[in-house]
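Chemist: This is the structure I want to talk about, given as structure tokens.
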């Protein structure tokens, strides 16, 4: 079949910015978009820059933006992609949220490898443990295997709504990698890791939107892996700073009154002894008031009808825990 690929072109240091270039080729519809790019590079334009390694969906190198959405090009058929536009033209661009180096090549060190390194994704085993005892059970491996199947394709990070606003957030890719290490019973830095991941730009910045899971092509469910980290921190009563206080205050408020006391949550999240932190909340409170949002002081917060039933749910959960 004849197909046209409209490719985003960019040359590092070019003040003119990016442009688009169209290439029309003859190719089997069952070939992949990566095959099409390779054909263009070999037959039409040797200057076209893109990445691709395994050609089997295992390395994550060839992730690009196709029709405005993230796609692994070695797993996307040409015919399938062509049908998504009325004129059959397939637009291909580099990954979103990334620093482009050339054409379809982005800076993957900045996008996710540096963040993965920041989680220190290796198991630290006590030097006194004999080699034959440095093993984990098959049951535990089963739980790890799904997270270990991540190819670092970056699609979960590309779909993350938090990274779209704050690129310093660790992101679902790095946190999924961190889950694998934290969940390994041989690791001697369990609590230290959870405390570190609970810090700023860490696990608690997740917006719970499930976009990361929606974008994952391997079914790893990165959002659920982040929830697993949350559960470990809560169960072990670990974590540092406002995130831990925020969680406890939220639960205590709903348990007490049957609904969230926002004023109490804001103050207790900062810490009752943190006068500077509480004072910093004043401009935010003024803005909220000007927009008609005026939470009552928590000593005046009224209980909702049915609050006793809600409290009983908390109490039953606390007994089971």
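The values are calculated or read from the model by the stated rules, or taken from the named source; none is laboratory data. Please read all numbers here as calculations on a predicted model, not as lab measurements. Using ideal geometry, Cβ is built from the backbone for each residue, glycine included, and neighbour counts are taken over all protein chains shown.
Chemist: With the condition being within 30 Å of residue 74 (Cα to Cα), I'd like the helices (runs of 4 or more DSSP H) fully within the stretch 181-276 carrying at least 2 qualifying residues.
Modeler: Working: elements: 190-197, 211-215, 222-236, 242-257, 262-270.
Here the list reads 211-215, 222-236.
Chemist: Mind listing just one residue for me: the one in the stretch 66-75 that is without any contact (Cβ under 8 Å) to a residue 60 or more places away in the chain and surrounded by fewer than 19 Cβ atoms within 10 Å (Cβ to Cβ) and, of those, nearest to the chain's Cα centre (by Cα)?
Modeler: Checked the stretch 66-75; the qualifying residue nearest to the chain's Cα centre (by Cα) is 69.
Chemist: Right, another one. What number goes with the only condition from (1) touching a helix residue (DSSP H, G or I) at 6+ places or on another chain (Cβ under 9 Å); (2) modelled with pLDDT of 90 or more that residue 204 does not pass?
Modeler: So residue 204 meets the others, but not (2).
Chemist: So which residues in the stretch 10-24 are surrounded by 18 or more Cβ atoms within 10 Å (Cβ to Cβ) and assigned to a strand (DSSP E or B)? Explain how you work it out, then say what you get.
Modeler: First, pick out the residues of the stretch 10-24 that are surrounded by 18 or more Cβ atoms within 10 Å (Cβ to Cβ): 10, 23.
23, the sole residue that qualifies.
Chemist: Something else: Select from the stretch 36-48 the residues that are assigned to a helix (DSSP H, G or I) and over 11 Å from residue 5 (Cβ atoms) and list them in ascending order.
Modeler: From the stretch 36-48, those assigned to a helix (DSSP H, G or I) are 36-43; that's our starting set.
The answer is 38, 41, 42, 43.
Chemist: Is it fair to say residue 125 is in the same structural domain as residue 6 (by TED's automatic domain parsing), surrounded by 12 or more Cβ atoms within 10 Å (Cβ to Cβ) and over 15 Å from the mean Cα position of the chain (by Cα)? Even if it seems obvious, please write down each step before you answer.
Modeler: Numbers: in the same structural domain as residue 6 (by TED's automatic domain parsing): no; surrounded by 12 or more Cβ atoms within 10 Å (Cβ to Cβ): yes; over 15 Å from the mean Cα position of the chain (by Cα): yes.
When the stated conditions are applied, residue 125 does not pass them.
Chemist: Still on this structure, I have one more. Would you check which residues across the stretch 4-16 are under 25 Å from residue 99 (Cβ atoms) and touching a strand residue (DSSP E or B) at 6+ places or on another chain (Cβ under 9 Å) and list them? Write out each step before concluding.
Modeler: In the first step, residues of the stretch 4-16 are kept if they are under 25 Å from residue 99 (Cβ atoms); the result is 5-16.
Those that are under 25 Å from residue 99 (Cβ atoms) and touching a strand residue (DSSP E or B) at 6+ places or on another chain (Cβ under 9 Å): 5, 6, 7, 8, 9, 10, 11, 12.
Chemist: Which one is surrounded by the fewest Cβ atoms within 10 Å (Cβ to Cβ), of the residues in the stretch 137-154 that are touching a helix residue (DSSP H, G or I) at 6+ places or on another chain (Cβ under 8 Å) and over 15 Å from residue 99 (Cα atoms)? Steps first, answer last, please.
Modeler: Filtering the stretch 137-154 for residues touching a helix residue (DSSP H, G or I) at 6+ places or on another chain (Cβ under 8 Å) gives 144, 147-148, 150, 152, 154.
Going one step further and asking which of them are over 15 Å from residue 99 (Cα atoms), we end up with 144, 147-148, 150, 152.
Numbers: 144: 15, 147: 21, 148: 12, 150: 21, 152: 20.
Once the filter is applied, the top-ranked residue is 148.
Chemist: Just to check your reading of the model, which residue among 257, 261, 228, 187 is touching a helix residue (DSSP H, G or I) at 6+ places or on another chain (Cβ under 9 Å), outside the structural domain of residue 157 (by TED's automatic domain parsing) and either under 22 Å from residue 146 (Cβ atoms) or surrounded by 21 or more Cβ atoms within 10 Å (Cβ to Cβ) (or both)? Break it down into steps so the answer makes sense when it comes.
Modeler: Details: 257 fails: either under 22 Å from residue 146 (Cβ atoms) or surrounded by 21 or more Cβ atoms within 10 Å (Cβ to Cβ) (or both); 228 fails: outside the structural domain of residue 157 (by TED's automatic domain parsing); 187 fails: outside the structural domain of residue 157 (by TED's automatic domain parsing).
After ruling out the rest, the residue left standing is 261.
Chemist: Still on this structure: For the stretch 17-40, indicate whether the set of residues that are assigned by TED's automatic domain parsing to the domain that holds residue 99, more than 18 Å from residue 90 (Cα to Cα) and either in contact with a strand residue (DSSP E or B) (Cβ under 8 Å, 6 or more places away or on another chain) or without any contact (Cβ under 8 Å) to a residue 12 or more places away in the chain (or both) is non-empty. Talk me through it step by step, then tell me what you get.
Modeler: Here is the first cut: in the stretch 17-40, the ones assigned by TED's automatic domain parsing to the domain that holds residue 99 are 17-40.
Still in the list and also more than 18 Å from residue 90 (Cα to Cα): 17.
This time we only want the ones that are either in contact with a strand residue (DSSP E or B) (Cβ under 8 Å, 6 or more places away or on another chain) or without any contact (Cβ under 8 Å) to a residue 12 or more places away in the chain (or both), so: 17.
Yes, there is a match, as at least one residue in the stretch 17-40 is assigned by TED's automatic domain parsing to the domain that holds residue 99, more than 18 Å from residue 90 (Cα to Cα) and either in contact with a strand residue (DSSP E or B) (Cβ under 8 Å, 6 or more places away or on another chain) or without any contact (Cβ under 8 Å) to a residue 12 or more places away in the chain (or both).
Chemist: Now for a different question. Yes or no: the stretch 34-56 includes at least one residue that is surrounded by 14 or more Cβ atoms within 10 Å (Cβ to Cβ), touching a helix residue (DSSP H, G or I) at 6+ places or on another chain (Cβ under 9 Å) and within 15 Å of residue 154 (Cα to Cα).
Modeler: Checked the stretch 34-56: at least one residue is surrounded by 14 or more Cβ atoms within 10 Å (Cβ to Cβ), touching a helix residue (DSSP H, G or I) at 6+ places or on another chain (Cβ under 9 Å) and within 15 Å of residue 154 (Cα to Cα).
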